[in-house]
1. Any idea how far the Cα center of region 71-90 sits from the one of region 171-233, in Å?
2. How about region 65-172: which GluC sites (Glu not before Pro) there are in a DSSP loop, with at most 16 other Cβ atoms within 10 Å of their Cβ?
3. In whole angstrom, note down how far apart the Cα centers of region 278-316 and region 105-170 are.
4. Between their Cα atoms, which of 13/213; 74/206; 180/250; 13/121; 13/114 are more than 28 Å away from each other?
5. Which angle between 0 and 90 degrees, to the nearest 10, do you get for helix 276-291 versus the longest principal axis of the chain when only C-alpha atoms count?
6. Rounding to the nearest 10 and keeping the result within 0 to 90°, find how far the Cα-based axis of helix 229-246 lies from the longest principal axis of the chain.
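None of the figures in this text is laboratory data; all of them are computed from the coordinates on show. Computed from a predicted structure; not experimentally measured. All Cβ positions, glycine included, derive from the backbone under ideal geometry; neighbour counts span all protein chains shown.
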Amino acid sequence: MKISIVILNWNGKSWLEKFLPNVLENSTNAQIFIIDNASTDDSVEFLYKNFPTISIIKNSENLGFAGGYNEGLKHISGDIFCLLNSDVEVTDNWLQPIENLFNKDANIAAIQPKVLDFNRKNYFEFAGAGGGLIDNLGFPYCRGRIFEDLEKDEGQYDDEAEIFWASGCALFIRAEEFRKMNGFDERFFAHQEEIDLCWRLINAGKKIYYCGKSTVYHVGGGTLNKQSPRKTFLNFRNNLSMLLKNLPLKSLFWILPLRLILDGFAGIYLGLKNGFPHLMAVLKGHFGFYSQISGTLKRRGNHQTKRYYQSKWLIFKHFFK
């Protein structure tokens with residue numbers, strides 16, 4: 001299997017300087033590419049000078065995570081794409097267990113490794129943890145991470161398991177399946193585009209897997225800070241668009257109105273906790289969703305899996321029970 005490790009960069013010289021040597025050292029059987037999203041720092045010059053063997057693809061503008069990968073991957077070949085964040089430390093022999101799992105089942109379209117916190121290496125990290133899941137209201141969570149609560153890694157997720165979504169910080173996906181799905185929804189720009197892609201793959205009859213025999217350490221917030229209102233806006237807008245695209249019609253009619261109400265409460269909570277700009281970001285996220293409804297409906301597939309969730313009423317169980 002030809003694995004192409006593809007790192008999307010935007011003004012990330014410090015991350016490349018810190019983590020790229022580690023990726024090179026532990027990925028000798030893979031080809032490594034950098035897609036640059038029109039950086040304004042000197043990261044491209046740094047790459048040319050210090051890593052002359054790495055192929056660099058330059059996008060003409062910052063297209064975000066979704067559009068940046070969609071454009072850059074047009075110029076990259078391989079059987080498996082590994083979409084790797086620039087703020088990720090990989091480990092020895094991290095690729096082989098992933099390749100073995102792909103070889104076990106041709107119907108597996110995407111896989112994520114175990115994602116631990118770079119700054120607290122015995123804890124799971126927010127973006128992916130022990131494999132992504134979703135509840136019946138469309139709230140994403142993970143084995144090892146429910147909302148903001150993170151578990152300590154004590155070997156409880158050292159397995160191989162079918163999951164609902166694979167983390168975008170270290171997403172392995174068959175190149176053929178990525179192209180069949182027309183890649184990410186570029187309108188998302190960033191955040192939850194990998195969940196949307198995995199949901200579409202599941203609706204197409206494919207499987208998403210977690211491989212606990214492969215481990216990476218993720219810093220998180222390397223490009224867009226966790227406390228940024230922009231991040232809040234993208235998460236709320238994109239989650240609603242994802243539900244409209246992928247939910248079964250019967251579920252959509254009651255889940256979407258309920259989610260709009262719950263988002264209102266979430267906006268008030270975030271406003272009190274993180275400041276007024278986050279409340280405004282939730283409102284802007286809703287209006288952004290409304291403005292895209294026509295285009296989102298056109299992107300609904302012909303088939304939506306009826307049983308898509310792994311837990312019911314997660315928000316009520318977690319916060320009230």
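1. Cα centroid to Cα centroid, the span is 12 Å.
2. Qualifying residues, ordered by number: 148, 151, 154.
3. If you average the Cα positions of each part, the centres end up 21 Å apart.
4. Pairs exceeding the cut-off: 13/213.
5. Helix 276-291 sits at roughly 90 degrees to that axis.
6. Helix 229-246 and the main axis of the chain meet at about 70 degrees.
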